[in-house]
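Asker: Take this structure, written in structure tokens, and hold onto it; I'll ask about it next.
The values are calculated or read from the model by the stated rules, or taken from the named source; none is laboratory data. Please read these numbers as outputs of a predicted model, since none were measured by experiment. Virtual Cβ from ideal backbone geometry, glycine too; neighbours counted across all protein chains shown.
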Amino acid sequence: MAIRCFVLDDEPLASDLLTDYISRLPDLELVGVSNSPSQALTILQQTQIDVIFLDIQMPRLSGFDLLRPLGYRPKVVFTTAFREYALESYEFDVLDFLVKPISFERFLQSVGKIYRFSQNSIAPQEVTALPKASKEYQYFKVDKEMVKLFLDDILWIESLKDYVRVHTTTGPLVSYLRISYLEEKLPPDRFVRIHKSFIVSLDHIQAVSATYIRVDNEEIPIGRIYKAKLDKVLQKT
């Protein structure tokens, strides 16, 4: 089910940018866009949404003022040029706080939080009815596209400084992401970082030695500082 989103920003360029970002991701449904807080309030009171991308400092009605009278509390991603609002924003069950100008890479980090919250909100009986491995996925920016990869198909990930090479069951692809971001985002019960340059899928490990892990018949080195953490992870599997 798509995540229903609304964008409110009194600056048309800012709302257009977020509209473009949202349009690139098929799991996000843009329900509405507005540059007027009062108009947006009327729409939001009549149409329930999941997530609002919301500017804070706007004429006559701030983002904080808009949220208070709503009869429900959507998840909020604040978008603002003013960092000093960060502390106050957490009164509103905020998912993220984006400081303008907002890059697409930073936007994707917010989307990751939205996905995680949505997955955690599924009722327990629904979770047991879903085949978990086949449903978990991650988007990777490849050239001008966002490519959806199921976690089942990822073998290992290799750092290329500001990029990563993702080795999959159907071949490698290169994406504009840092390996540190993926280390935080990927589920720790399925992936483990074993080296400053490598993350491997626990499901695809064929063998482990003192100095390397073998995945898809490739020997991937184990970094000295990562070995203790790897040993703990392997003991739980």
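Asker: Within the stretch 14-23, track down each residue that is over 18 Å from LEU95 (Cα atoms) and either touching a His at 6+ places or on another chain (Cβ under 6 Å) or surrounded by 19 or more Cβ atoms within 10 Å (Cβ to Cβ) (or both).
Answerer: ALA14, SER15, LEU17
Asker: I would also like to ask the following. Across the stretch 24-48, which residue is surrounded by the most Cβ atoms within 10 Å (Cβ to Cβ) among those that are in a helix (DSSP H, G or I) and more than 26 Å from the chain's Cα centre (by Cα)?
Answerer: Step by step, filter the stretch 24-48, then rank; the result is PRO37.
Asker: How many of the residues in the stretch 170-217 are hydroxyl-bearing (Ser, Thr, Tyr) and under 23 Å from the mean Cα position of the chain (by Cα)?
Answerer: 6
Residues are listed down the side, and each one gets a yes or a no for (1) at pLDDT below 90; (2) in contact with a Phe, Trp or Tyr (Cβ under 8 Å, 6 or more places away or on another chain):
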| site | (1), (2) |
| --- | --- |
| MET146 | yes, yes |
| GLU184 | yes, no |
| ASP203 | no, no |
| VAL215 | no, yes |
| GLU219 | no, yes |
| LYS232 | yes, no |
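Asker: May I ask you to verify whether ILE157 is modelled with pLDDT of 70 or more and in a helix (DSSP H, G or I)?
Answerer: No.
Asker: Related question: Got a sec? Which of LEU54, LEU61, LEU95, LEU66 is within 17 Å of ASP10 (Cα to Cα), assigned to a strand (DSSP E or B) and either modelled with pLDDT of 70 or more or assigned by TED's automatic domain parsing to the domain that holds GLY32 (or both)?
Answerer: It is LEU54.
Asker: Right, another one. Scan the stretch 9-20 and report the pairs whose first residue is over 19 Å from SER38 (Cα atoms) and whose second residue is in a helix (DSSP H, G or I), with Cβ atoms within less than 8 Å and a gap of 6+ or a chain change.
Answerer: LEU18/PHE107
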